[in-house]
Structures are given as C-alpha cells and as structure tokens.
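Written below as structure tokens is the structure these notes are about.
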C-alpha cells in the first residue's frame, strides 16, 4: 500500500523515545513532563462520587455548564475579567486538542503562523497539517526572551496567527508586562490572531505574576487562550484542558471540536468544578513546584552542569558544555544508557536543530527521585 504522508518528516516524538529508552535501561526518567507523585485524594474522591451518582453519559459538547461556570469564576479571580461561560469557554481533551482544534479551525492552506523558536514540538506539525507554514522567530539565546523587532520583521501579508507560550516549554521563561504591551502593539496594527499557550499558568516562581493575555482588553478580542487542568493538578493522564476565545472564533473552533472529541469525561468535569471552589487548590501550586525547583538546583550545585534560570513550568534547563562536546541528542542517549538519567535534548525544539549543549530536565518528581538523579549527574 502506498501512502502519501501528510507529515513525511515526523516520526515518534522525542518524549516517547526518551521515556521508552528510560524504561529499557532502567534510567531515572526526568525527560517526559509528568509528575511521579499522586493526585490529591480529594479530587479522586470527587471523580468517584460523580461516577457513583450516575454522571457517566455525554456532557454537552462545549463542556459541562457547571465546569464552564467554574472556569469563568476562576478566570475572573486570576485575571480580573469574566468570560461568558456559554460563548467564550470550551472544555477540551487536554491542551493539545485545544491547540489542534484551534489551528485546524482558523488556519488555511497558504497561511503563515509565527512560532517562537525553540517551540513546543506539536505546533509546527499541526500547522503543516493545514497546508500552512510555521515561521520560527528565534528567542534570545541568553534568557529565551522574545525579540519583538524580529517578530515584526517576520510578519508578512500571509501571516494569520502568532503563537506564544508562557510560562515557556521548554525553557521556563515567562512573559513580562512589557512583552504584553509589545504584543498589543502588533495586534492593534496588524489584526493578527494570537494563540496563547498558558498551560503552566499556575507554575510561576520567585513572586512573579503570570502575564496572561486575558489581562488585556485589546488582546482578548484577538486571542485564544489554552489552559490545562492536567498540568495544574498534576493529573496529566486525565487529558483535561480548556480554551477561552471570543465568540466569533469559538463558533469556528467548536465546529472542529465536535467532530474531533465531541465531549469530555463527564464525572471528571463535575469533580474539577467542585474542586475549583477552593482557590488554594490552584493558587498553591506555584510554591510547591518552586520548592522542587530549588531542591533540584541545590542537589545539582556540585555538578558540572550549569543551570539556565527557570521562572516557570516544571522544567529546568542545564548546559553540559563543561562535561562534553557531543551533539545534544547523542549526549542525551548516552546519559540515559550509561549514566541512568533520561533528559530531553533542546535541539529537538528548534526548527533548524540548533545545538547549544543544553538538556531539559523535569523536576516534577519526589525528592527521592531528584536526589537519586542528581547523585548520578554529579558524578560526571
């Protein structure tokens, strides 16, 4: 059978490869971004409660009204603006479905979409599937901040959308108020759509405030904001996300969603709606992860790895140039097989495969796991 692949240059993701290799070689897995500690038993009990109550059939396509109301209240509490639960909110099968449905609905063949390079590896393939082109704008090599002059230079008559991601995966960089103002200038002058990936919105460190585009009235009129309960409540396997968008855009996105996943797990939606009533459940996430980041940095301080400051997410970049001059993919493979710690090479996040001798480590783990990994890494 001959198949004309729509993604001829895409294989198994690096996350799958490194996790598989970690299992095969018994390595400590700090590669794929998933926590190794349990979900709050209260949340699990709530899901069980709603299952036993008989809430096991389809929820409404946009999401259960109770959860959409809870998301509206949470958004107002965090960002000072309350979206309309019926017109502006949709519950999705994780953030990735929200991103996929958004791009499929709004991007057409021949369009250009600006992404920040390095970028989460799903953006470009999803854009390519629409017959569109991803245009990478390099982030500054020192701190992974956005050079807005380069963004302006990348905009053409074909540009339809700009994707931003803060807190940024893979680097842990975050946007500032000045960044939002620069984005406002672009949107006000060009009318571009903004897809804002904010799945780590509640994992921001050192007293910083997450700069959601939802804080800006002018940006809200052009933006689709993607969030993740899986990331916030360290339940990545539940695949629970949502998006917020203006009504005109939401109408189109829901058209795709209804033929994609149609609806999302009903008892979990009801459980999360209850869980969100206590704001400490999401407002308390940042301090917990900051402790883990600080612990990991502390146990790694005797190593030859040089940390790149992480201001958000649960990822820590480490430069290994004092240890090896190997290509980062080769070094990550060697580290997994011979040292027993799996990490993600940063070059896979760049369109051109830029190799700065940097690896991404996930510190969403228990202290025992992080200590064991650090012991191996510090021996290098």
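Among DSSP beta bridges lying fully in the range 41-280, give the percent that are antiparallel, nearest 5.
On the way: 9 of 27 bridges.
Of the beta bridges lying entirely in the range 41-280, close to 35 percent run antiparallel.
According to a simple spin-label model (label point 7 Å from Cα along Cα-to-Cβ), what is the distance in nm between residue 254 and residue 368?
4.8 nm
Find the percent of Cα-Cα distances in the chain that exceed 28 Å, and round it to a whole number.
Numbers: 32937 of 72010 pairs.
Roughly 46 percent, once rounded to a whole number.
Test of understanding: what is the full-extension gain from residue 16 to residue 148, defined as 0.36 nm times their sequence separation minus their Cα-Cα distance? Numbers along the way, then the final one.
Working: separation 132, 0.36 × 132 = 47.52 nm, distance 3.33 nm.
Extra length from residue 16 to residue 148 when fully extended: 44.2 nm.
Just to be sure I understand: with springs between alpha-carbon atoms less than 10 Å apart, which residue in 150, 243, 175 has the highest mean-square fluctuation in the Gaussian network model of the chain?
The residue that fluctuates most here is 150.
At what distance in angstrom do the alpha carbon centres of the range 69-89 and the range 93-141 lie from each other?
26 Å
Want the number for residue 133 to residue 217: 0.36 nm per residue separation, take away the alpha-carbon distance, what's left? Intermediate results must be reported in sequence, preceding the final value.
On the way: separation 84, 0.36 × 84 = 30.24 nm, distance 2.87 nm.
Extra length from residue 133 to residue 217 when fully extended: 27.4 nm.
Which order results if 162, 219, 129 are arranged by neighbouring Cβ count within 10 Å, fewest first?
On the way: 162 26, 219 20, 129 15.
Fewest-to-most ranking of 162, 219, 129: 129, 219, 162.
Can you tell me which of 313, 263, 142 moves the most in a GNM of the chain? Springs connect C-alpha atoms under 10 Å apart.
142
Using alpha-carbon positions, what is the distance between the centroids of the range 309-364 and the range 224-283, in Å?
Between the Cα centres of the range 309-364 and the range 224-283 lies a distance of 31 Å.
Going by how many other beta carbons lie within 10 Å of each one, how would you line up 159, 336, fewest first?
159, 336
Determine the gain in length on full extension of the stretch residue 177-residue 45; use 0.36 nm per residue of separation and subtract their C-alpha separation, reporting nm with one decimal.
43.6 nm
Between the range 192-219 and the range 11-66, what's the alpha-carbon centroid distance in Å?
For the range 192-219 versus the range 11-66, the Cα centre distance is 24 Å.
Each value in this text was obtained by applying a stated rule to the coordinates, not by laboratory testing. In this text the structure is predicted, and so the values were computed from the model without any measurement. As a convention, Cβ positions derive from the backbone with ideal geometry for all residues, glycine included, and neighbour counts pool all protein chains shown.
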